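Let me begin by presenting the structure, written as structure tokens, before commenting on it.
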Amino acid sequence: MTLDRYRMFAAYNAWANGRIYDACASLPEAAYKADRNAFFGSLHGTLTHVLVADRIWMRRLTGEGPSYDRLDVELADDLATLQAMRLIEDARIRAYVDAIDPAALDEPYGYANMSGVALEQTLSSALDHVFNHQTHHRGQAHGLLSLAGVEPPALDLVYFQREAGITRTV
């Protein structure tokens with residue numbers, strides 16, 4: 001994959017996160033935090049998990065940022081605070097991707113998982129996971145919004161591509 005593709009995924013990630021957070025803002029706090037038997041319980045728990053995981057990966061990739069020993073750390077009590085944190089992390093992800101040397105994408109990348117196991121893969125495959133993980137859990141949040149009675153936003157990549165001018169009407 002080319003660096004331009006990862007830049008697109010970083011921009012898509014920020015766009016999709018904004019749409020999910022905006023939809024969540026239409027819910028009363030009790031509905032937003034209601035346990036809906038999802039893997040991370042609620043919309044709040046799911047969105048928090050995605051942010052925690054992104055921070056874990058960004059620390060692995062950059063050596064900077066907070067460190068966590070669990071994937072369900074409570075980062076904020078409310079949606080507004082979590083959204084402010086999300087905006088900062090999305091900007092951080094975009095800046096990191098913008099600064100990658102394209103040759104590094106195919107180079108071995110080593111890190112330790114949360115159990116301390118040393119692992120190695122290419123940087124591109126690590127980034128593939130980061131962006132796929134976000135999409136996976138946003139899909140869960142999309143379903144949780146439906147369960148809460150909110151029309152979830154369209155999150156398909158093609159909608160972002162159309163808005164960004166990547167796909168054009170001919």
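The values are calculated or read from the model by the stated rules, or taken from the named source; none is laboratory data. Keep in mind it's a predicted model, so treat the numbers as computed, not measured. So basically every Cβ, Gly included, is an ideal-geometry build from the backbone, and we count neighbours across all protein chains shown. With ligands, DNA and RNA removed, areas are computed over all heavy atoms of the protein, side chains included. Shrake-Rupley method; radii C 1.70, N 1.55, O 1.52, S 1.80 Å.
Taking region 101-155 on its own, how many of its residues are charged (D, E, K, R), touching a helix residue (DSSP H, G or I) at 6+ places or on another chain (Cβ under 7 Å) and not in a helix (DSSP H, G or I)?
The initial filter retains those residues of region 101-155 that are charged (D, E, K, R), namely 101, 106-107, 120, 128, 138, 151.
Now drop any that are not touching a helix residue (DSSP H, G or I) at 6+ places or on another chain (Cβ under 7 Å), which leaves 106-107, 138.
Going one step further and asking which of them are not in a helix (DSSP H, G or I), we end up with 107.
Here the count works out to 1.
When the criteria are applied in full, L82 fails the requirement of being closer than 16 Å to G143 by Cα and within 18 Å of the chain's Cα centre (by Cα). Taking the criterion of being in contact with a strand residue (DSSP E or B) (Cβ under 7 Å, 6 or more places away or on another chain) and not polar (S, T, N, Q), the only residue of region 46-70 that qualifies is R60.
Per-residue answers, yes or no, for (1) open to solvent by 50 Å² or more (accessible area, probe 1.4 Å); (2) within 14 Å of the chain's Cα centre (by Cα); (3) more than 30 Å from A30 (Cα to Cα); (4) among the acidic types (D, E):
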residue	(1), (2), (3), (4)
L119	yes, no, yes, no
D128	yes, yes, yes, yes
F131	no, yes, no, no
R138	no, yes, no, no
P152	no, no, no, no
Y159	yes, no, yes, no
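For region 73-91, the set of residues classified as outside any helix (DSSP H, G or I) and exposed (fewer than 14 other Cβ atoms within 10 Å of the Cβ) consists of E74, D77, D78, listed by residue number. Summed over region 41-58, residues that are crowded, with 19+ Cβ neighbours inside 10 Å and touching a residue at least 40 places away in the same chain (Cβ under 8 Å) total 9.
Evaluated against (1) surrounded by 12 or more Cβ atoms within 10 Å (Cβ to Cβ); (2) out of contact with any strand residue (DSSP E or B) (no Cβ under 8 Å at 6 or more places or on another chain), Y109 falls short on exactly one condition, (2).
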